[in-house]
Amino acid sequence: MTNSASAERPSSFWKSFGPGLVWAATSIGVSHLVQSTRAGAEAGFALAGVIVVALILKYPFFEYGARYAAATGNSLVEGYRRIGRWALWLFLAITLVSAIIALAAVLMFTAHLTGYALGTAWPPAVTGSLLLLVCMVLLYVGKYRGLDLSIKIILVFLLVSTVVAVVVAVPRVDASTVALWPGDLIGTVVPFAFLLALIGWMPSPVDVAVWSSLWTLEKDRTMGIRTSVANAKRDFAIGYVGTGILAIAFVALGAAVLYGSGVELSASGAVFSTQLVDLYSQTLGEWARPFVLVAAVTTMFSTTLAVLDGYPRAIERTVTTILAPAGAVVGPRAEGLYWGVTLGLAAIAVTVILLFVGNLTTMVDFATTIAFLTAPVLGYLNLKAITSSDVPAEHQPGRGMRALSWIGLLLLGGTGVGYLISLV
């Protein structure tokens, strides 16, 4: 893709449209169904401002993935290599740790939801293994086209069902809880650790920006086009705004149905999944329960599918780039390595579920906190890559975007350092 991209004809927006939604499917999962719902249940709308701030501060670091791919015809992995091999090794280390925890957390929740929807009493590890098998078959047979199409269908279904639920729920929301910042709720009603966990995966870990660049290139290769920078940015923005709207929607649902009810969300995946479905059903009515189950299961399935493709794709590209001689052009995807990593991560995820079954929220909080602490590191690498000489000046971020990037780095980094100091 490195050289061939420049030979392809520029594409229209609709031919380029898709990678942003695949990225959105990765984000609209645990961070929304679990974390945003918990935020609304515990603090009403008091944490909505935190979510909006997190979305704004982290936006540049995610957008740079799609921008870099469209501007250079390379992924952010190649951008890291130009920074230095240390950047590649650092990204690989962060990705490996994140992959093991994140895939297991996503898979555990999806398995519990699926088992509840089907009425089976299978252990989560068994249901999770079957889900992984289905995902791998879809990726093997459908490849990127199948991933792109299935996620577009699923996201439309989710958006419609969630908007309907929120419209019905809004009259029940306690408007007095609305705040730009939770203030004295932090450390009392809202533990500081949960605040970091909420931001960590809102809307997703920063390392997913690399996936965005890889999916943009794969879309070009599959369609035989060259996505313009303008189209790549527009495509990503649509997906990003969508994730933000749905994040606030899940906060509203949690606030409308669970806030002040005295009902605590369980740390057990099996119990939490039924509470989530009840949340929708109480809002819309029992008639909606089947539709709610389908929406919830398909949402988490699309996230599992995207994550199962994203991590192996990023790891394969990183390892291949590390092993390539200095200055060499990295060739097409190494299919053997990609599928080897996929099978390895699947096996580890199932093992983690066996060891930590029932501890869903604990696992999620740990994964999201790690994501928060590594966000400024990866954000800096993305900023350095997009402002390098490899990117034409006209496609580099302007002063406003650069300023927002540095503000995000300082705030996220400073908060992370403060948190680590508090643990000592």
Taking the Cβ-Cβ separation of Ile245 and Ala179 as r and a Förster radius of 25 Å, what is the calculated FRET efficiency to the nearest 0.05? 0.80
I need the helices of the chain that pass two filters: whole DSSP H segments spanning 24 Å or more by Cα along the axis, and mean Kyte-Doolittle score no lower than 1.0. 48-72, 85-118, 124-169, 229-257, 335-356, 360-386, 399-423
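On full extension of the chain, what length is gained from Trp14 through Leu410, given 0.36 nm per residue of separation minus the C-alpha to C-alpha distance?
Values: separation 396, 0.36 × 396 = 142.56 nm, distance 3.67 nm.
That works out to 138.9 nm of additional length.
What shape does region 4-423 take by its C-alpha gyration tensor, where a ≥ b ≥ c are the square roots of the eigenvalues and a/c under 1.5 counts as rounded, a/b above b/c as prolate, and the rest as oblate? Intermediate results must be reported in sequence, preceding the final value.
Values: a/c = 1.60, a/b = 1.36, b/c = 1.18.
Cα axes put region 4-423 in the prolate bin.
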Quick check: Cα centre of region 177-249 to Cα centre of region 20-43, how many Å? 10
Report the FRET efficiency, 1/(1 + (r/R0)^6), for Ile322 and Tyr140, where r is their Cβ-Cβ distance and R0 is 30 Å, rounded to 0.05. 0.70
Between Glu286 and Leu159, what is the label-point separation in nm under the 7 Å Cα-to-beta-carbon projection? 3.3
Proxy reagent accessibility, fewest Cβ within 10 Å first, across Trp14, Trp122: Trp14, Trp122
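What dipole magnitude, in Debye to the nearest 20, does the chain give about its Cα centre under +1 on Lys/Arg Cβ and -1 on Asp/Glu Cβ? Could the numbers behind the result be given before it?
Details: 24 positive and 20 negative charges, 219 e Å.
Computed charge dipole of the chain: roughly 1040 debye.
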Can you compute the label reach from Met401? Point 7 Å from Cα along the Cβ direction, backbone N cut-off under 12 Å, restricted to region 59-85. 59-72
Cα-based count: Lys pairs in region 4-423 below 19 Å, eight or more positions apart or different chains? 12
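Each value in this text was obtained by applying a stated rule to the coordinates, not by laboratory testing. Computed from a predicted model, the values in this text were never measured in an experiment. Cβ coordinates were reconstructed from backbone atoms using ideal geometry, including for glycine residues, and neighbour counts include every protein chain displayed.
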